[in-house]
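Below is one structure, written out as structure tokens; comments come after it.
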Amino acid sequence: MARRTSRGRRLVAGDRTFTWSVRHSHTRREDGRCDCRESLTLIHGRDRRAVLRIVFRNGPGRWVPDGLAPSGSVGTSREEWLNLHEPGAVRALLDAALAAGWDPAAPTVTEVDGWTLLPAAAAARGLPPSRHLPPASQQVSARDVP
């Protein structure tokens, strides 16, 4: 039976309970092309005032689903990637955000660049660290692959 995608999923981390969901969206650039982004939203507790939005925007050497990759997949290399639909990946990103200073008791919406949390979250999932990435001028995106 398929899960209702309109409803968030529940994550218990210690004595805290979160509701989380994953969304894909686009922004149109001035040149007419679209940029994809994958967002993981975590809401702390029942009051729904403390919100953490972890956003992964596509770019050179940064992959988000764009029709070629499965939904929820984000990464910088074959070794350093996460599937945002996996509860373990969500927990690893939550732990990385907490370690970086996010306060789930603060009644605010906080948006974080997901790429800053990816190395710690991938390491927590037991994934090896990424290889040294070439300079941005030598990187290609999934859109550039024929």
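The figures follow:
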read-out: Accessible area (Å², per residue) of the stretch 24-112, counting only protein heavy atoms and a probe of 1.4 Å; value: 53 Å²
read-out: Whole-angstrom gap from the stretch 61-118 to the stretch 7-48, using each part's C-alpha centre; value: 9 Å
read-out: Largest-first principal axis extents, alpha carbons of the stretch 66-115, Å; value: 37, 20, 18
read-out: In range of the label at ARG46: residues from the stretch 12-27 whose backbone nitrogen is under 19 Å from the point 7 Å along Cα→Cβ; value: 12-20
read-out: Rounded percent of accessible protein surface that carbon and sulfur make up, the stretch 1-122, 1.4 Å probe; value: 50 percent
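The values are calculated or read from the model by the stated rules, or taken from the named source; none is laboratory data. Computed from a predicted structure; not experimentally measured. Virtual Cβ from ideal backbone geometry, glycine too; neighbours counted across all protein chains shown. These accessible areas exclude ligands, DNA and RNA; they are computed on the full protein's heavy atoms, side chains included. Shrake-Rupley method; radii C 1.70, N 1.55, O 1.52, S 1.80 Å.
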